[in-house]
1. Could you point to the label whose value was computed as P(r) over Cα pairs in 5 Å bins from 0, in percent for the structure here, given [x] 3, 11, 9, 11, 10, 9, 11, 14, 12, 7, 2, 0; [y] 3, 12, 9, 10, 10, 10, 10, 8, 6, 5, 5, 5, 4, 3, 1, 0; [z] 3, 16, 28, 27, 16, 7, 2, 0?
2. Once both axes come from the Cα atoms, what is the angle between helix 65-77 and the longest principal axis of the chain, in degrees from 0 to 90, rounded to 10?
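We did not get these values from a lab; they are worked out from the coordinates using the rules stated. On a predicted model such as this, the values are computed, not experimentally measured, just so you know.
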Amino acid sequence: MARIVGLAAMICSAAFAVFYILWFFGSTPLDPQLAVKIPVLVIVLGLCFIAGWLGYVMATAPPRLEDRAREVGRYTTAA
C-alpha cells in the first residue's frame, strides 16, 4: 500500500509541477499573476499561523521548574 501511495504522490507532484510551470508562463487560460500571488499568500498565512501557535504555546506553558523553585525560595527565605 505504501508503494502505491508513494507512486501516486510522485505522479501527482510531477503533474502539478508541469501544470504550475505552464500556468506561471501564461500557457493556460488562468491569470499568471495568480501563480505568484496564491503561493505567497499561503506562505504568509502559514508563517502567521506558526507565529500564533508559538505565542499560544508560550502563553499557556507551565513555568519551568527552575523558575518555580526560585519563586518558592523567594517567599520562604524572606524573614
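1. Here the calculated entry is [y].
2. 20
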